[in-house]
Structure formats: C-alpha cells, structure tokens
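Q: The structure follows.
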Amino acid sequence: MKFIYQTWWKVLAVVLIFYTLIAGFLFHVPTLPILHETIRNLYFHVPMWFAMLAVFVISVFFSIRYLNSGREEDDLAAVECVNTGMVFYLLGLVTGMIWAKYTWGEFWSGDPKQNSAAIAFLLYCAYLVLRNSIDEEQKRAKIAAIYNIFAFPIMIVLLFILPRMTDSLHPGNGGNPAFGKFDLDSHMRIVFYPATLGWCLFALWIATIRYRIRLIENKRNNIN
Amino acid sequence: MKRFLVLFCLIVCHMAVFAQQTTNVEMADTMRSSGKIYVVIAIISTIFVGIAIYLFAIDRRLKKIEREK
C-alpha cells in the first residue's frame, strides 16, 4: 500500500489534466453538424465516467480481498472508493444532461442510456444506504462487500450493454453512428487518452485521501 | 516544496512548448482568437491549478497527522 503515499502519480494526474484543459480547447476537432464545438465535451464528460469506472473496479477488488482476508482496512478502502466514484458518477450524469440539452434538445429525454444511468446510480445509493444501516461492523463489511461485487456487473450491464441493444441518442448505440468514427481521428485521441488516464488517477487520489482519513478516524474510534 | 517547484516547471515548460506550436501551425485561427477562447482556457486552468494545489495541501496535512500517530 506504499503506492498511495507516493507523489509522482499525483503530479502525473495533475499534469495530464492540465494538458487536456489547454489542448482540449485548442487542438483540431472534426467539424460536425449539431455537435459543433460541443464535441470537445468528449475530453471532459467521458473521462468522468472512466474515472468512476476506475474507482468502482478498485472497490470491487477490495471487496473481494475483504472476503478473502477479513481485514477491516480492505472494507474501508472499498467504501471510500465507492464514495468517490459517486461524485464522479454525478458529475458524469450532470455534464451529460447539459450536453444533451444542447444537442438532443432536452436535459432528460428518457433516453435508454440516461434511464439506465439513473437506475445504476440508485443501485449504488442502495449500497451506501445498506452499509450505513448495519451497526455490527463485521456483518456490515461482509454484506456490503457481497452487495458491491454483485452491483458492479449489473452497473456495467445497465450502462454499457443494455443501451447498446436498443435505439439510443447516445453515441455508440444501436442505429446511431458511434464516436468510434471520430476517435479514429488521431487529433482527438492525443487529447482523449491522456484525459482519461489523468482523471482516473485524479479520482484515485481523492479516494486514497478519503481512505487515509477513514483509517485515522477508525483508529481513534477503536481506542475510545 | 521541491515537488511543487518541479510541478510548476513542468507546467510552464508545457505552456511554452504549446505557444510555439500554436503560432507556427495554424491551430489558433482568427475565429478562435477573436472568440477569446484563450480567456476561457486561462480561467479553467487557474481553477484546476487551484484545486490541484489544494489537494496537495490536504495530502501534506494528512501526512503530518499520520506521522504524529
């Protein structure tokens, strides 16, 4: 766990994001109807979801590890990863809504992608409510870990599989040209990939800070 | 402090490199410069640098508390 105390990857995250803030506005993007300059949102809206995904994956990893080891720290790491992921989830949802307003016409048009994103959000809200409603620590950790392991694949299905099987306004879905076509444009790739990596590391950084605070709180509670 | 300096240097180097690119290549066409997009970039960058420094500060404070234990 020494990794979370090191500084180099935090600096890397900041530098990468800083680069995308500048390059994202200035570099060439394809000229497309309806989208116009909003295509640049690809550098900011999509990385929110990748950041969320990254911390959720880490959370599942720690949940599995908790079930294996029974160490309390693993449980705390899993929870704090989900807590951080929820922030990025909301950011992704809200930025998506704003983008939708000016390209699809409505903040919320009942699109399959939006609806299943809302359902998956509730799924993770349920995780936090469930975890906070149990007082006994080991029981709480165990139930939360199992719930988390099941919630993750359901979230993946809701966000990335089901909307693709129907018609959706969101790119990459049935009957709709995907961003893949423009991603092939290497002008966008050189901004998009660093943005994704940078925001993933940034989310991880926030999660580690929360985890470390939680460790101290936990220690204090045990002593008293 | 050293780390902040390194970070700052990296950022500044990057900006210099970038400025050259934009003037040589026709990236910053009249449309965008007259649209004052650089102002937006300056503001967003300032906000982000502020958040980043803030996070680093929290990180350091946390490290101090952890050492006391």
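The values are calculated or read from the model by the stated rules, or taken from the named source; none is laboratory data. Keep in mind that this is a model prediction, so the values were computed, not measured. Glycine gets a Cβ as well: all are built from the backbone with ideal geometry, and neighbour counts include every protein chain shown.
Q: Taking only pairs six or more apart or across chains, which ones have beta-carbon atoms under 7 Å, a first residue in segment A:1-27 that is farther than 15 Å from residue A:211 by Cβ, and a second residue that is surrounded by 21 or more Cβ atoms within 10 Å (Cβ to Cβ) and acidic (Asp, Glu)?
A: none
Q: Just the residues that are closer than 17 Å to residue A:199 by Cβ and loosely packed, with under 14 Cβ neighbours inside 10 Å, please, taken from segment A:85-117. Give the derivation first.
A: Restricting attention to segment A:85-117, the residues satisfying the condition of being closer than 17 Å to residue A:199 by Cβ are A:85-96, A:99.
Result: A:90, A:94.
Q: Please pick out the residue among A:31, A:20 that is within 14 Å of another protein chain (Cβ to nearest Cβ), more than 17 Å from residue A:203 (Cα to Cα), hydroxyl-bearing (Ser, Thr, Tyr) and out of contact with any Gly (no Cβ under 6 Å at 6 or more places or on another chain).
A: Numbers: A:20 fails: more than 17 Å from residue A:203 (Cα to Cα).
Result of the check over A:31, A:20: A:31.
Q: If only one of A:181, A:142 is modelled with pLDDT under 90 and assigned to a helix (DSSP H, G or I), which one is it? Reasoning before the result, please.
A: On the way: A:142 fails: modelled with pLDDT under 90.
When all the criteria are applied, what remains is A:181.
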